[in-house]
Amino acid sequence: MSSTSKKYLVGKVSPIDSANFTMNVLEFCKHIPHVPNFSPKRVYWITNIKGEKKSGQHAHSDENELFVVIQGKTKMILDDGSGKKTVNLEMNDTVWVPKYVWHGFIGMSDDCIILALTSTIYDPERKGYITDEINFKKLLDSSK
């Protein structure tokens, strides 16, 4: 696993081949070792990619997320306050995104499937979502 930031982590799931299938193993202690007590409260996945082949960019004030690319390819925009970075992701890549990290997917392949494990239950009012990038930067500046 390689760290690209002090706040988010980009890693890789290890495939284990057998005669009849490949098992891909995600272990929290390896993929987010600095968060030993991560307890997902929600799991969702992104499929059926169409249109602009991207997600909305945003951050969370109350949610940590672990993303796993199950199939296909995508790019992820990440900004932990040190500037936007684009990370190329493919099958078995993982990205740990803690709260107050700006993120979103772009360039998703038609067959892309992304699994997400999150620390909160779904909030239809999206109270913890920060969707305005200028406001996000102000929040980061005020916390320094």
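The values are calculated or read from the model by the stated rules, or taken from the named source; none is laboratory data. Predicted model only: the values in this text are computed from it and were never measured. As a convention, Cβ positions derive from the backbone with ideal geometry for all residues, glycine included, and neighbour counts pool all protein chains shown.
The table below lists the values:
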item	result
Selected residue (criterion: nearest to the chain's Cα centre (by Cα)) from residues of the range 68-99 that are surrounded by fewer than 20 Cβ atoms within 10 Å (Cβ to Cβ) and among the hydroxyl-bearing types (Ser, Thr, Tyr)	Thr86
Spans of strands (runs of 3 or more DSSP E) in the range 1-120 with at least 2 residues polar (S, T, N, Q) and modelled with pLDDT of 95 or more	85-90
Among residues of the range 15-43, those that are surrounded by fewer than 12 Cβ atoms within 10 Å (Cβ to Cβ) and closer than 18 Å to Thr120 by Cα, counted	5
Selection from the range 29-45 of residues that are closer than 23 Å to Phe105 by Cα and without any contact (Cβ under 8 Å) to a residue 24 or more places away in the chain	none
Residue within the range 86-105 that is touching a residue at least 40 places away in the same chain (Cβ under 8 Å), over 21 Å from Lys7 (Cα atoms), touching a Ser or Thr at 6+ places or on another chain (Cβ under 7 Å) and among the hydrophobic types (A, V, I, L, M, F, W, C) present	no
Where a residue in the range 46-75 is farther than 14 Å from Thr94 by Cα and without any contact (Cβ under 8 Å) to a residue 24 or more places away in the chain and its partner, wherever it lies, is surrounded by 12 or more Cβ atoms within 10 Å (Cβ to Cβ) and not aromatic (Phe, Trp, Tyr), with Cβ under 9 Å and at least six apart	Glu52/Ile106
Matching entry among Thr118, Thr74, Thr94 (being under 30 Å from Met23 (Cβ atoms), of a type in the set (S, T, N, Q) and in contact with a helix residue (DSSP H, G or I) (Cβ under 8 Å, 6 or more places away or on another chain))	Thr94
Identity of the residue in the range 100-130, among the hydroxyl-bearing types (Ser, Thr, Tyr) and under 22 Å from Lys41 (Cα atoms), that ends up surrounded by the fewest Cβ atoms within 10 Å (Cβ to Cβ)	Tyr122
